[in-house]
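J.: Take this structure first; my questions come after.
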Ligand SMILES: Cc1cc2nc3c(=O)[nH]c(=O)nc-3n(C[C@H](O)[C@H](O)[C@H](O)COP(=O)(O)O)c2cc1C
């Protein structure tokens, strides 16, 4: 009887101990994975920044010359948008904005929108999203060339009322069976161009 009780107590302690070890391992793995995802995302943003605005175009450190703006009116939703300024001999040559389109099919889509000093788009990249493989993920350059359709466009090409997907009467292709994702991206690229146009003088003068 005494032996039985001692055995039950010991088993209880062992069970508790193993549960604690299990919980610890799961949270460690979670924390490590989380950090790894954040680091991968940071590296991917860097790679895309340099792809959009190569070193030959500027002579400053893009990562050191950033601004953070929070302009709910411009970007449609309260969000902190990082702006990377590319300058040559102190003059702004390009601005890369990192807005988030809030209305993808599966949530937010983080973008990089690179704009030449004259308001013309250098290019757009989707750097983080959860869009459905085979449907909305065609915004990825490794899945399709859809984002390249933004290259060289501006607020006058096409005119603002055609800054929509074709299904909505605009100039930009949607994907087969997936209009929500491209619609969200086109909308945010337009907002970013409009933000740049409205703040161009201020952004050209701001240093660091
Ligand atoms: C499981 C599932 C996943 C989907 N994923 C996406 C997506 O990532 N992006 C998207 O735009 N539409 C996605 N759709 C389709 C949308 O529900 C919607 O039908 C479509 O975007 C509307 O485009 P359409 O008018 O061209 O059909 C998905 C639908 C289903 C059933």
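J.: State which residue pairs qualify: first residue on the phi > 0 side of the Ramachandran plot and in the same structural domain as residue 126 (by TED's automatic domain parsing) and inside region 150-179, second residue in a loop (DSSP other than H, G, I, E, B) and away from the ligand (no atom under 11 Å from the Cβ) in any location, beta carbons under 9 Å apart, and separation of 6 or more residues or different chains.
T.: Listed by first residue and then by second, the contacts come to 152/120.
J.: Which one of 76, 12 is farther than 20 Å from residue 140 by Cα and without any contact (Cβ under 8 Å) to a residue 12 or more places away in the chain?
T.: The match here is 12.
J.: Of these, 48, 40, which one is at pLDDT 85 or above, touching a strand residue (DSSP E or B) at 6+ places or on another chain (Cβ under 9 Å) and part of a helix (DSSP H, G or I)?
T.: Exactly one of 48, 40 is at pLDDT 85 or above, touching a strand residue (DSSP E or B) at 6+ places or on another chain (Cβ under 9 Å) and part of a helix (DSSP H, G or I), namely 48.
The values are calculated or read from the model by the stated rules, or taken from the named source; none is laboratory data. What you see is a predicted model, and the numbers here were worked out from it, not measured in a lab. A quick note on method: Cβ atoms are made from the backbone with ideal geometry, for glycine too, and the neighbour counts reach across all protein chains shown.
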